[in-house]
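These notes concern the structure reproduced below.
The values are calculated or read from the model by the stated rules, or taken from the named source; none is laboratory data. It should be emphasised that the depicted structure is a prediction, and the values quoted were computed from it without experimental measurement. Don't worry about glycine lacking a Cβ; one is built from the backbone with ideal geometry, like all the others, and counts go over all protein chains shown.
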């Protein structure tokens, strides 16, 4: 029997089922307490309370759901009971890389818009492209985009090789999310009032970019993971080897 209250269930509107991750054995070893269960959304006791508005999006991509005495067959458990954490981790690593790949496309798009606007817009007798501040923004954005590309490819290569890549994934997750926000923010500034209007994609990109620093683990958690792994290497008498 499932009793739960879940916020931000992605894609619930129109879905046939949800994958519920819940504590199935509170007394088990730390990483064996949770299971993932397929729950058809027409099961009695499943109540979609509302679509949660998120940064202006109201179409129902994220929903609040209550599970009240919900019963499904034991065969709906994914894998074995207690496999929930393992399954989640197998998804989260590659999933974070996929986020970063999409962010690279968003950064590139914002960067191109910024450069074209800087060349076309004139203010105080010259184009924005001739202003030192704007030139700094373009240079900083180019550096952050390239660093994000290389970090992403490095993390993906380690995964492809079957190596443990937790640090590399955490690095690109917090670095990429911050770079995405920075590049889009500069592009908006170069566009001025046009940048916060719906006449360019930048305002929508900016809203989505802010959420990137929270979902699939907030930046602070990923920084903690990186720092702990590095400090553990020194505590064990070694150093941190950069690859």
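Things to note:
- Considering 167, 183, the condition of being in a helix (DSSP H, G or I), in contact (Cβ under 8 Å) with a residue 40 or more places away in the chain, in contact with a helix residue (DSSP H, G or I) (Cβ under 8 Å, 6 or more places away or on another chain) and within 27 Å of residue 117 (Cβ to Cβ) is satisfied by 183 alone.
- Filtering the stretch 124-159 to residues that are over 20 Å from residue 108 (Cβ atoms) and either surrounded by 13 or more Cβ atoms within 10 Å (Cβ to Cβ) or at pLDDT 95 or above (or both) leaves 126, 127, 130, 131, 132, 133, 157, 158, 159.
- For the criterion of being assigned to a helix (DSSP H, G or I) and either in the same structural domain as residue 198 (by TED's automatic domain parsing) or at negative phi (or both), residue 94 passes.
- Test: residue 237 is farther than 26 Å from residue 156 by Cβ and exposed (fewer than 13 other Cβ atoms within 10 Å of the Cβ): yes
- Taking (1) crowded, with 17+ Cβ neighbours inside 10 Å; (2) part of a helix (DSSP H, G or I) in turn, residue 216 satisfies each apart from (2).
- Matching residues, the stretch 79-90, being in a helix (DSSP H, G or I), out of contact with any helix residue (DSSP H, G or I) (no Cβ under 6 Å at 6 or more places or on another chain) and surrounded by 13 or more Cβ atoms within 10 Å (Cβ to Cβ): 84, 86, 87, 88
- Residue match in the stretch 134-153 (condition: touching a strand residue (DSSP E or B) at 6+ places or on another chain (Cβ under 8 Å) and without any contact (Cβ under 8 Å) to a residue 40 or more places away in the chain): no
- Condition check for residue 42: closer than 21 Å to residue 74 by Cα, outside any strand (DSSP E or B) and modelled with pLDDT of 90 or more: yes
- Of the residues making up the stretch 65-78, those that are part of a loop (DSSP other than H, G, I, E, B), more than 9 Å from residue 35 (Cα to Cα) and in contact (Cβ under 8 Å) with a residue 12 or more places away in the chain number 2.
- Some residue of the stretch 190-197 being touching a helix residue (DSSP H, G or I) at 6+ places or on another chain (Cβ under 7 Å), surrounded by fewer than 17 Cβ atoms within 10 Å (Cβ to Cβ) and not in a helix (DSSP H, G or I): yes
- Selected residue (criterion: nearest to residue 96 (Cα to Cα)) from residues of the stretch 171-183 that are surrounded by 24 or more Cβ atoms within 10 Å (Cβ to Cβ) and within 16 Å of the chain's Cα centre (by Cα): 173
- Boolean, residue 62 is out of contact with any helix residue (DSSP H, G or I) (no Cβ under 7 Å at 6 or more places or on another chain) and touching a residue at least 40 places away in the same chain (Cβ under 8 Å): yes
- The stretch 198-213, residues that are in a loop (DSSP other than H, G, I, E, B) and more than 11 Å from the chain's Cα centre (by Cα): 198, 199, 200, 201
- The single condition among (1) modelled with pLDDT under 95; (2) surrounded by fewer than 22 Cβ atoms within 10 Å (Cβ to Cβ); (3) in a helix (DSSP H, G or I) that residue 162 does not meet is (3).
- Complete set of residues in the stretch 140-164 that are in contact with a helix residue (DSSP H, G or I) (Cβ under 8 Å, 6 or more places away or on another chain) and under 18 Å from residue 94 (Cβ atoms): 148, 149, 151, 152, 154, 155, 156, 158, 159, 164
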